[in-house]
Amino acid sequence: MQSTPVASAPPAAPGLGLLLQPTRYLFFTGKGGVGKTSLSAAVALKLAYAGKRVLLVSTDAASNLDEMLGVPLRNSATAVPGAPGLWVLNIDPDQAAESYRLRVLAQMGEAATDLERATVREQLSGACTTEIASFDEFATLLADTGSYDHVVFDTAPTGHTLRLLSLPKAWSGFLAGNDRGASCLGPHSGLKMQERRFQVALAALSDPAQTSVVLVTRADTSAMNEAARTCEELKALGLHNQRLVVNGVFHASKQQDRVAHAIELLEQQVLAAMPPALQSLAQDQVPLRAFDTVGLPALRSLLPGSAAAPVVALAPAPDAPALAGLAALADELAQTDHGLIMVMGKGGVGKTTVAAALALGLVQRGKTVHLSTTDPAAHLACTLDGEVPGLRVDRIDPRLETQRYIDKMMASKGAGLDAQERALLLEDLQSPCTEEVAVFHAFSRIVNEGRSAFVVLDTAPTGHSLLLMDATGAYHRQTLHEFASLGQARVVTPLMRLQDGAYTRIILVTLPETTPVSQAQALQDDLRRAGIEPYAWVVNKSLLAAGTTDPLLAARLHTEARQMARLAHGVAAKTFVLPWRAQPPVGVAELTQLVTAAPADALTNTPSAARVRDHEHAA
């Protein structure tokens, strides 16, 4: 059988070229699920084994570096057993915020009264304090001049990372000529004292001799497009030293295997059509591995040039479990007339696809639906790629919501102020903190819409969503305190809406792999601690039903079977499955198929699969 000819992909380095002359700071960023954590950990290990002092930093609140490295993550550098010269650190938002509060309170001096201290602590309880505290930890690492030879950053998915990398410039601009700091961070926030640190951080990020950004992607159209957008946005921020790594590139060992050949063909087509913004970058390719990247030996085997773990002979892959598809889930959700459906999970697991398909399924079943997203990367429009009567689609745009919030505050709080006071209020509202507050208010507004219609919310990847949940909890506590002091009647907060299982259905999306399932389970535990019970899990891109015999894919099928069994034994209350498809479900017609009937062999109804079958018959 002959392979289908495709245009040649851009040339890639035979090994991971960024290891040849690594800069001091290495940032790994990209769409969720592309392998940033695995690659950043593998590079940090390589540098440490080469005799360098290396700090591996996670900026993701939902990091799984602890699982990969076998060491608990802390807010301080921790040595990695078995890897001399390597330390790991996780910027924990809650710990960073508390440390920040203590520093601010310490600046108030002994003359401050208990009431004044209590007032400042209350001012420092919001989401903007958590963000600036996490950023403060980040800026401290960039200002450190000699503790480590290299600092490798494993960042949160793209939207959150772009926000983080934009903050040095945003805060430096805000503080220039500002003698008051930011009132939302307390009257003695000490931001002016940090101004020099922010400037040093900005200089380090903008210096190509010090900082390089590794754009990680898969041979997947949406991941490639996001990498291209990120490339341009980072250049606008002054980060020009960029490199591309295409992770998990698959090469079929059995060309007669229909599934394996379809996967390879699709990936080669994506590589050949790489966006122009990425074609000019130095590029590496990392092959798909049969093993999970958990543990030091697996991480050391991940990079090109390393001895890959052998693919051992395995028993035949188990049969696919008898699980219902997304159509059955849409049927269940449509039994009510309104409510909030929140689709959550790790980046890259397919939340946007599931959210869009469920929204279409509800419209198909006669419901009116508002489909929105809290993800700064905002993939909804590209995934849906069309308009449907009865479906309203938008997103929480941070910039738009920030301006809307500023206008509202100026119209209310600024109404009785003189010109100078209004100018001071406006200056304060232009703080980067305002965005977090504005996004939370927009989120609350959308949550309340579920009282009269269906709202399907595609959330940001786990870490960013947890910060939004923290803001929801803080608002809940503050509101109850205020209403209790005023003797007001019972109030319903957004958190109460989320805790109401009849009002809110949480759908956790995962891939049938160890790390995504572990992170989804951790998210479920966090939600339960907040009194929020997930309704169901969706396992996306299941290969069990596809019938492959390729040795590498067969090895991964056994991992998938273990994860399915894990979910069935007490982890998930309900589980639904979406099979792997040769053609990603993009567009109204493709998405509607997912919620119209039970899952079928996805290879039998896609253009790519048809081409594969035609070539097989011709051969």
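The values are calculated or read from the model by the stated rules, or taken from the named source; none is laboratory data. These figures come from a predicted structure and were not determined experimentally. Every residue, glycine as well, gets a Cβ built from its backbone with ideal geometry; the counts of neighbours run over all protein chains shown. These area figures cover heavy atoms from the full protein model, side chains too; ligands, DNA and RNA do not enter into them. Shrake-Rupley method; radii C 1.70, N 1.55, O 1.52, S 1.80 Å.
Could you count how many residues in the range 91-110 are assigned to a helix (DSSP H, G or I) and surrounded by fewer than 21 Cβ atoms within 10 Å (Cβ to Cβ)? It would help to see each step written out before you state the result.
Filtering the range 91-110 for residues assigned to a helix (DSSP H, G or I) gives 93-106.
Filter again for surrounded by fewer than 21 Cβ atoms within 10 Å (Cβ to Cβ), leaving 94-95, 98-99, 101-103, 105-106.
Result for the range 91-110: 9.
For the condition at pLDDT 90 or above and under 28 Å from A209 (Cβ atoms), what is the one hit in V43, V34? Walk me through how you get there before you give the answer.
Details: V34 fails: at pLDDT 90 or above.
The conditions single out V43.
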Every residue from the range 228-253 that is closer than 21 Å to L265 by Cβ and touching a strand residue (DSSP E or B) at 6+ places or on another chain (Cβ under 6 Å): V246, N247, G248, V249
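Checking the conditions here, which among T493, T510 is within 25 Å of A324 (Cβ to Cβ), of a type in the set (S, T, N, Q) and open to solvent by less than 10 Å² (accessible area, probe 1.4 Å)?
Details: T493 fails: within 25 Å of A324 (Cβ to Cβ).
The conditions single out T510.
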Tabulated pairs, the range 421-433, first of a type in the set (D, E, K, R), second not in a helix (DSSP H, G or I), C-beta under 8 angstrom, 6+ apart or interchain: E421/G414; R422/G414; E427/N178; E427/R180; D428/R180; D428/A182
Residue match in the range 82-90 (condition: open to solvent by less than 10 Å² (accessible area, probe 1.4 Å) and in a loop (DSSP other than H, G, I, E, B)): yes
Qualifying residue in the range 427-436 (condition: within 24 Å of D500 (Cβ to Cβ), within 33 Å of the chain's Cα centre (by Cα) and surrounded by 15 or more Cβ atoms within 10 Å (Cβ to Cβ)): no
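Just give me the residues in the range 402-426 being open to solvent by less than 20 Å² (accessible area, probe 1.4 Å) and modelled with pLDDT under 85, in sequence order. First the steps, then the outcome.
Taking the range 402-426 and keeping what is open to solvent by less than 20 Å² (accessible area, probe 1.4 Å), we get 406, 414.
Hit for the range 402-426 is G414, nothing else.
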